[in-house]
Amino acid sequence: MSDDIKPNNETSPEDSKEFHKSEEVKKSTAEQSFQDNSSDNEPGQEGKNTDRLADAILDDKTSDDVVEKSPVQDSQEDREEPADDQSDREVEDKDQPKHVKGEQEDDTSEEQAGPLVGVEGVLPAELDPFFIHEPVKRSIKLQVTEAQKTQALLLDQMIKGEIEPQPEVTGSKSASNNILRIGIAIFLLVSILLPLSTRVPASITPPISRDSVSANQLIENISDGATVLLSVDYEPGLSAEMDAALASVVDRMMMKDFYLVLVSTVPTGPVQAERLLMYLNQGGGYQYESSENYTNLGYIPGGPVGLLNFAEAPRQVMPYDLDGNAVWYSPHLQNISSLSDFDLVVVATENPDRARSWVEQVQPKLGNTPIILVVSRQAEPFVRPYYGSEPSQIQGLVSGFGVGAFYLNSNAQAGFSSMYWSSLNLALIVGGLLMLIGAVIYAGKSLNTRKPE
Amino acid sequence: MSVFDLNNLDLLGTVLSFGLTLIVFSFIFGDNLLFRFAIHVFVGVAAGYAAVMTWYNVLLPEIAVPIIGGSQAERFFALLALVLSTLLFMKAFPRLSGWGSPVVAYLVGVGAATVIGGAVLGTLFPQVLASINLFDFPGSFGNSSPVWVQISNAVVILVGTISALIFFHFGARNRHDRHPERAAWISAVARIGQIFIAITFGVLFAGVYIASMTAFVERMTFSANFILLFFQL
Amino acid sequence: MNYVYLLNIVDNGILGLGFVLLFFFVMIISAIIVRRRDEPLLREISTYSKLKRSINLAVESGQRLHLSLGSGGINYMQGGSALAGLSLLKRLYRMAGLSDRPPVATSGDGTIGVLSRDSIRSVYDEVGVREEYEPTSGQVSGLTPGSYIAGTLPVILDQQVSTNILMGHFNSEIALLADASERRGSLTVAGSDNIAAQAVGYASTENLLVGEELYASGAYIQANTMHIASLHAQDFLRWAIVSVILVAGALKLAGVL
Amino acid sequence: MRQLRTSIVVAIAVITGIIVLVGYFIELPVLENLRIILLHYAVIFIAVALIVGVVNLVQVHWKKFQNRQPGGVYSLILIISLLVTIIVVGYFGPTSTPSLWIFSNIQIPVASSLIAVLTVVLTYTGVRLLKRGLNLFSLLFMATVLIVILGTVSFQGFRIPGLSELRTWITQVPAVGGARGILLGVALGTIATGMRILMGSDRPYGR
């Protein structure tokens, strides 16, 4: 980076052990301050700032510059290497005196630019905000009385104490925090297991959202046997929710005998997709087989770059499926040369950024092909702006588990997720209530403590 | 996970899965040896998986296959890729690290451009357009709700968008002896923006909560089913 | 194409290029203005003030700092947040690099891992103590978002870290890192480009960088000209966007557009 | 020499970046082809970077094991599980039955159990949120969280009247407004970050 301080050639490794301490001292001397842009050079090398002209326009003026200089002065000084290793050695003697030394050097330094050229002991033009606290420390040793010193040290200790790491469960505070965590876990566990043990049937249908109805409609309007690009873009962590939501959509598509082209921008996506199809085959009684009914192109690395690349030239970027077959010449895919040749694109992701990548990089290349996003609840608020916008950048939105269960009930297929709908509901209610209780207690406490003031 | 085909491998897998679930969940009660074991296995497996996927999906079809059996042009492309990839690979070894810098610079350049292009065409323009089109009635909210509802909703969204955007305004005025501060009216708008941001964060937090609760429920359902199954055996 | 271009008047590409050029020129002009000014005129962001303070305290008390660069790669939109983290990493190493407990940086992406090691190494080079450079101080702790979190937990739990700076791309699992940090009594500062992670961070830590604030780290931590200039450019374009929305919205309401 | 090298490295980043960026906005066939090639290479390099990451992971943990640092045994376990996965998945193929077995019985359980732990942690932070202090924003945040969570559920057909509608309104109106504002802000920040790289002012790469 361009904003580095470069040390002296002569600085021995041992000396520079304390370079972080002496750094501010050095930088505040006029001789050192010009070196801020020379980190890319060998120490002590001459003419090291050849790209300074460009830098003068584009580069950073860092906080390390203490004295403002013109580029001309810079280049002049660059050639004369400051050989003040003597002062450096002195400076690095001991921690505290070092600062004193540094300050003294500051005081006698000459101003190199501006109206005060040549005047000694000028205050630096700007201070590094990073080191603003330092003077406090210096004054401790220098000018204060014993009483002041003690107070300052005490204050110092107090502040330090705040951030010093403490071993786990030292005080009653972290013990009680742990008890709270465990208590919460038990409450949630019970609320999940209770409906399971009583075997409450999952007969209560989740709310039917307008979005899922229109997504459903979109799929219905596409003729049977269409070719669909399906991107399974979620991490294993949230696969419970995403599997459930996506299973219902894919179930619909399998019913209509769509040919699925699977891709993923997550390394585990392809295996996630295979797993999903396996479950749907088992639960829904389908016989979807690789290359017969679907093809798994695998993983598109490189995030948005990879996606853009894929969107522009799918055949070149993903020439083979995971088994190494050249799939694009198969009867199902021979007519597809760009993504706009697909009949539908379905993207399932839990990550708003990944959803955004699809909308930004791929959607503009889709032409009239509709795109449905199956997203996690946590991504919904950030995908909705794309859906609600006019014109809509995505044509269908299925969000979260509830909708998945709705699809499921309406299809009476694949018992993928119906069994935990009741548990989820109860656990959410309990979790919400716990938060509510906590909020009420702490709000009350904070109002009480405020009153006496 | 409702299907248990109980051949030996599946049974072993289910037991493993159940055990790992309990071990990881024990982290609630505190850090422990088994938890450390489980996460290290997990990190190793995930990295191994990612590496193999990369091999299968990129290095094999893009470099290995063309070099062995590609046309001359393909071979040239792949050989160049191989050379540059080797340079990049040197980044793994401190002494050779410098050789890879040009390739990393290349990646950074392409990445920067992709990011700018995506942000301008993918977020900025569409979102601005969407904000303008809020007042395109009937449109954004369908025809079902009365016009005054549509207008007031549109106004709320617009106020939210603009005030949240202004919330981030960085520039400030210099004031003696104190931190620079923004003009009073900008601060006022920013506070409104903060209200919208708090609401947005609330919605997102709840979304994350529901999503993660689904995973929790799925894990516990799986565990409960496993225990039931085990005792029936 | 169902992708209707802005106001249907100008081609989107030309408009986009125009916007990028405008941004460029505004940045250059701001840079010239900032260079002339003595001090940066930026609003205070309390999280950055706290961060600076905690870094200084950690350095003075010889505690370890942990910088978590997240699991997003350089080529992603998320790269920006990792870049902000990387420039901070250099700063950390200049201040605390040779202490008994040098800072540790973790990342969940190959490229960012490479860059973090490059950054650390360059600081050691500057001081001429390359032999002290420890390649493991910039470590990749997991290569998928989930395993990255899992691999970073031991770093937070074991290494006596006083401050955990989470600056990069995270998912909602960021709460696990913040929680582990709390269990050890360490301070957490969090900033992410992922807004779900921000929402979770809002609940888990008092020190959150909201949205665009994360990208301002260069200006606030380093007081660096081009970074400050880009904040002013962002401000300029922010108001341009607000004006466009308001004027065009009004015209739309009036039925002109 | 080193200076020249630095300049070349910066030039590579700037030139490739500008070509790709201009290709975004202007449709010229020559530029378009060049851009596709550049992107194609980028994808390959990103994949290689991932392998570099794996090597680093092994290096870090091997060193930990070798130096007998605390937890060194786990580091060995990590390396072993990594190698076993590479061998099994590499030999049988990523979507073969053994690979699916590893994925379903190790990755999925650990990853989703971590999320289960996250649920408890999130409840915990939610419960304690107002402990930090009561102000308009924390109150609004908390209220929104509760409305959305409780507005989503129904148990045995019971729902709090109006809550679901309120939830829908909040997620589709004010939250959309706030989200758009944040998105636009993040876009501006992202563009600025990218721009600084293309100007050669930010250089996150080595020399």
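The values are calculated or read from the model by the stated rules, or taken from the named source; none is laboratory data. This one's a predicted model, so the numbers in the text were calculated from it and none came from an experiment. In this analysis, Cβ positions are derived from the backbone assuming ideal geometry, glycine residues included, and neighbour counts consider all displayed protein chains. Just the protein is used for accessible areas: all its heavy atoms, side chains included, with ligands, DNA and RNA removed. Shrake-Rupley method; radii C 1.70, N 1.55, O 1.52, S 1.80 Å.
Here are the numbers for the structure shown:
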item	result
Amide proton proximity set for A:Thr227, modelled H, under 5 Å, gap of 5+	A:Tyr259, A:Asp343
Average silhouette area of the stretch A:236-352, convex hull of alpha-carbon atoms, in square nanometres	7.1
Cα→Cβ-extended label distance, 7 Å offset, between B:Val149 and A:Lys173, nm	5.0
Protein accessible surface hidden between C and B, which excludes ligands and nucleic acids, total in Å², probe 1.4 Å	5500
For chain C, with +1 on Lys and Arg beta carbons and -1 on Asp and Glu, the positive-most of C:Ser141, C:Leu86, C:Ile14 along the dipole	C:Ile14
Axial C-alpha extent at least 30 Å, average Kyte-Doolittle at least -0.5 - helices from chain B (DSSP)	B:33-54, B:184-232
Nearest-20 debye value, the stretch D:1-118 charge dipole, Cβ charges on Lys, Arg, Asp, Glu	580
Choice from B:Ile28, B:Ile39, B:Ile195 with maximal GNM fluctuation in chain B (Cα, 10 Å cutoff)	B:Ile28
Taking N as its residue count, the alpha carbon Rg of chain C over 2.2 N^0.38 Å	1.14
Approximate spin-label separation C:Val244-B:Thr86, in nm, with each point projected 7 Å along Cα-to-Cβ	4.8
Chain C: angle of helix C:225-253 to the longest principal axis, Cα-based, in degrees nearest 10	40
Span-like helix ranges in chain D, DSSP H, alpha carbon extent 27 angstrom or more, Kyte mean at least -0.5	D:2-25, D:29-66, D:72-92, D:108-128, D:174-198
Degrees separating the helix C:110-127 axis from the principal Cα axis of chain C, which is the longest one	60
In the D-C interface, the accessible area buried, summed over both sides, Å² (probe 1.4 Å)	4600
Per-residue average of Cβ from other chains inside 10 Å of A:352-361	6
Shielding of B:185-194 by partner chains, average beta-carbon count, 10 Å	2
Point-to-point label distance, C:Ile33-B:Arg178, nm (Cα→Cβ direction, 7 Å offset)	2.3
Protein accessible area in the stretch B:136-233, 1.4 Å probe - carbon and sulfur %	65
Interface burial for C against A (accessible surface, 1.4 Å probe, total of both chains, Å², rounded to 100)	5600
Net charge of neighbours whose Cβ lies under 10 Å from the Cβ of A:Arg354, counting Lys and Arg as +1 and Asp and Glu as -1	-3
Nearest-20 debye value, chain C charge dipole, Cβ charges on Lys, Arg, Asp, Glu	420
Nearest-ten-degree value, helix C:174-183 long axis tilted from longest Cα axis of chain C	40
Too-long pairs where the Cα-Cα distance tops 23 Å, listed order kept, from C:Lys52/D:Lys131; C:Lys52/C:Lys90; C:Lys50/D:Lys131; B:Lys91/D:Lys64; C:Lys52/D:Lys64	C:Lys52/D:Lys131; C:Lys52/D:Lys64
FRET efficiency, B:Leu12 to D:Trp62 (Cβ-Cβ, R0 25 Å, nearest 0.05)	0.30
DSSP beta bridges in the stretch A:210-416 [antiparallel fraction, %, rounded to 5]	5
If the convex hull is drawn through the Cα atoms of the stretch D:24-180, its volume per residue in Å³	289
Size of electric dipole in the stretch B:136-233: Cβ of Lys, Arg +1 and of Asp, Glu -1, about Cα centre, debye, nearest 20	360
Shielding by other protein chains, C:175-187, mean Cβ within 10 Å	6
CD proxy at 222 nm, helix term only [per DSSP H run n ≥ 4: -39500 (n - 2.57); per residue of chain B; nearest 500]	-23500 deg cm²/dmol
Per residue accessible area in Å² of chain D, where ligands, DNA and RNA are left out and the probe is 1.4 Å	34
Chain C - percent of accessible surface contributed by carbon and sulfur, probe 1.4 Å	58
